[in-house]
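J.: Could you have a look at this structure, given as structure tokens, before my questions?
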There are 2 protein chains.
Amino acid sequence: MARDTRERIVAAARDLVHAASLAEVSTEDVCRAAGVHKGSLYHFFPSKEALGVAVLECNWTLMRTMLDAAFSDDVPPLARIDRFVDRFADRLTVMRETMGATPGCPLGGLIGELVGHGDQARTQATRVLNAWTQNFTDAISEAKGRGEVGSAVEAATVAVRLLAHLQGLALLAMAYDDPQVVLTAKQDFRLLAISS
Amino acid sequence: MARDTRERIVAAARDLVHAASLAEVSTEDVCRAAGVHKGSLYHFFPSKEALGVAVLECNWTLMRTMLDAAFSDDVPPLARIDRFVDRFADRLTVMRETMGATPGCPLGGLIGELVGHGDQARTQATRVLNAWTQNFTDAISEAKGRGEVGSAVEAATVAVRLLAHLQGLALLAMAYDDPQVVLTAKQDFRLLAISS
DNA sequence: CGCATATTTGACTGATCGGTCAACTCAGAA
DNA sequence: TTCTGAGTTGACCGATCAGTCAAATATGCG
């Protein structure tokens, strides 16, 4: 019927997978939700795993959009990080209302699942993590130039820790069904970034 | 044949689940690995989900042992935390050699999966997280009494952040297939605990 | 229009899933 | 010795799984 079939499949899969996991969602579930038949799914994707990679790519595009908006340089670098945390928490809150429960990080959860699934999936997973880290690296680097964080700080190293911290908070937010848990990241990031 | 059948089932399930996820492991896989028949599994467990809860319980017992050893008061409180991180990393390293890849946290991964699976599972998951957090809370509280961390620090609040940080680092360790990633927690914990 | 290609259909496969069941074994109590 | 009940067996169930395929249809181009 339409040219957007592939996108509809990925979008449906994204929602279902985010509410559970790739392994818990069947290709038939995805087809039903997308209003599409099995053959169409396998016309666009060679395997379920490939669909999973496409979902990760889709989630990364959405995250990329959020990152670009939050990290734009209309405010000082550390404020950008705060802004990102706020929006990340907002998104968890919205999703909590949409589904019945707080989901985890749409990237972290899928990455954890795909990492043990072959080379392409693993490569894609680390690529996404590296790209995400880069946003933090840039912001911290700029803050360092402004003297807002100690000069002994190595931006790239700290950035990895910030990403890890956010991922862990997202897991706890899911476990306690409380998106607000991640907001503490705003203070925590400063503590992790200030000294080396 | 033996009275330890239930334990063999749980142990087999634990290994398989830790190397992948509960959803990716079938009851037949578990039975094969445990040298047991389907009926025996369902004699001890009413459902696959109940088996998952038992695996979480088993992993928690193992973690409890590690925690008791690491947090014994023969060294100052902050050193206990360091010791725990070292042993946690050691365990990931051993498991990396056993399987082909670095696994995530045996508790964190399963908790993330069980949280969306009904009341009993969710309750168990939060109970484990709370009990784990308590170890950090006690150590920080004692360090506070000794003046090793700022008096403005609320131990319980900081403890949650430490656990979150460790969980996030475990995810990244899995993604990058490098258990050493979690070792940075030793420095990070100090930064997170020192001020409030 | 006619033709080639891209997309969609929907029935189909063989394997595997979680779970059930009646029959069987065997240790221990009376 | 007999009885009992926990533990074990292995075949079996209906449902669902990921994936296939030939035929039908839509689309875009000359």
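J.: Please go through the range A:119-139 and give me each residue that is touching a residue at least 12 places away in the same chain (Cβ under 8 Å), surrounded by 18 or more Cβ atoms within 10 Å (Cβ to Cβ) and either under 16 Å from the mean Cα position of the chain (by Cα) or within 10 Å of chain B (Cβ to nearest Cβ) (or both), ordered by number. First the steps, then the outcome.
T.: So in the range A:119-139, the residues touching a residue at least 12 places away in the same chain (Cβ under 8 Å) come out as A:120-121, A:124-125, A:128-129, A:131-139.
If we keep only those that are surrounded by 18 or more Cβ atoms within 10 Å (Cβ to Cβ) as well, we get A:121, A:124-125, A:128-129, A:132-133, A:135-137, A:139.
Within the range A:119-139, A:A121, A:Q124, A:A125, A:V128, A:L129, A:W132, A:T133, A:N135, A:F136 qualify.
J.: Also: Going by what's in this entry, would B:G116 be described as out of contact with any Pro (no Cβ under 8 Å at 6 or more places or on another chain), part of a loop (DSSP other than H, G, I, E, B) and without any contact (Cβ under 8 Å) to a residue 12 or more places away in the chain? It would help to see each step written out before you state the result.
T.: Values: out of contact with any Pro (no Cβ under 8 Å at 6 or more places or on another chain): yes; part of a loop (DSSP other than H, G, I, E, B): yes; without any contact (Cβ under 8 Å) to a residue 12 or more places away in the chain: yes.
Taking the combined requirement at face value, the residue satisfies it.
J.: Here is a further query. Looking at A:D4, is it over 30 Å from A:D138 (Cβ atoms), surrounded by fewer than 21 Cβ atoms within 10 Å (Cβ to Cβ) and either among the basic types (K, R) or more than 9 Å from DNA strand C (Cβ to nearest atom) (or both)? If you could, list the steps in order and put the result at the bottom.
T.: Numbers: over 30 Å from A:D138 (Cβ atoms): yes; surrounded by fewer than 21 Cβ atoms within 10 Å (Cβ to Cβ): yes; either among the basic types (K, R) or more than 9 Å from DNA strand C (Cβ to nearest atom) (or both): no.
Considered against the rule, which asks whether it is over 30 Å from A:D138 (Cβ atoms), surrounded by fewer than 21 Cβ atoms within 10 Å (Cβ to Cβ) and either among the basic types (K, R) or more than 9 Å from DNA strand C (Cβ to nearest atom) (or both), A:D4 comes out as no.
Rundown of residues vs (1) polar (S, T, N, Q); (2) in contact (Cβ under 8 Å) with a residue 12 or more places away in the chain; (3) within 14 Å of another protein chain (Cβ to nearest Cβ); (4) away from DNA strand D (no atom under 16 Å from the Cβ), yes/no style:
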position	(1), (2), (3), (4)
B:R32	no, no, no, no
B:L51	no, yes, no, no
B:A69	no, yes, no, yes
B:R87	no, yes, no, yes
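J.: Right, here's the next one. I'm trying to understand the selection: among the residues of the range B:12-29, which are within 12 Å of chain A (Cβ to nearest Cβ) and hydroxyl-bearing (S, T, Y)?
T.: Listed by number, the residues that qualify are B:S21, B:S26.
J.: May I pose another question? Restrict the check to the range A:168-183 and report whether at least one residue is under 19 Å from B:L191 (Cα atoms), crowded, with 20+ Cβ neighbours inside 10 Å and more than 14 Å from chain B (Cβ to nearest Cβ).
T.: no
J.: Which of the following residues is in contact with a His (Cβ under 8 Å, 6 or more places away or on another chain) and either free of Cβ contacts under 8 Å to residues at least 12 places away in the same chain or not in a helix (DSSP H, G or I) (or both): A:A101, A:A164, A:A152? Walk me through how you get there before you give the answer.
T.: On the way: A:A101 fails: in contact with a His (Cβ under 8 Å, 6 or more places away or on another chain); A:A152 fails: in contact with a His (Cβ under 8 Å, 6 or more places away or on another chain).
Answer to the check: A:A164.
J.: Just name the residue that is farthest from the other protein chains (Cβ to nearest Cβ) out of those in the range A:34-49 that are exposed (fewer than 15 other Cβ atoms within 10 Å of the Cβ) and away from DNA strand C (no atom under 11 Å from the Cβ).
T.: Among them, the one singled out is A:P46.
Just so you know, all these numbers are worked out from the coordinates, no wet-lab data involved. All of these numbers come straight from a predicted model, not from anything done at the bench. Neighbour counts run over all protein chains shown; Cβ positions are idealised from the backbone, glycine included.
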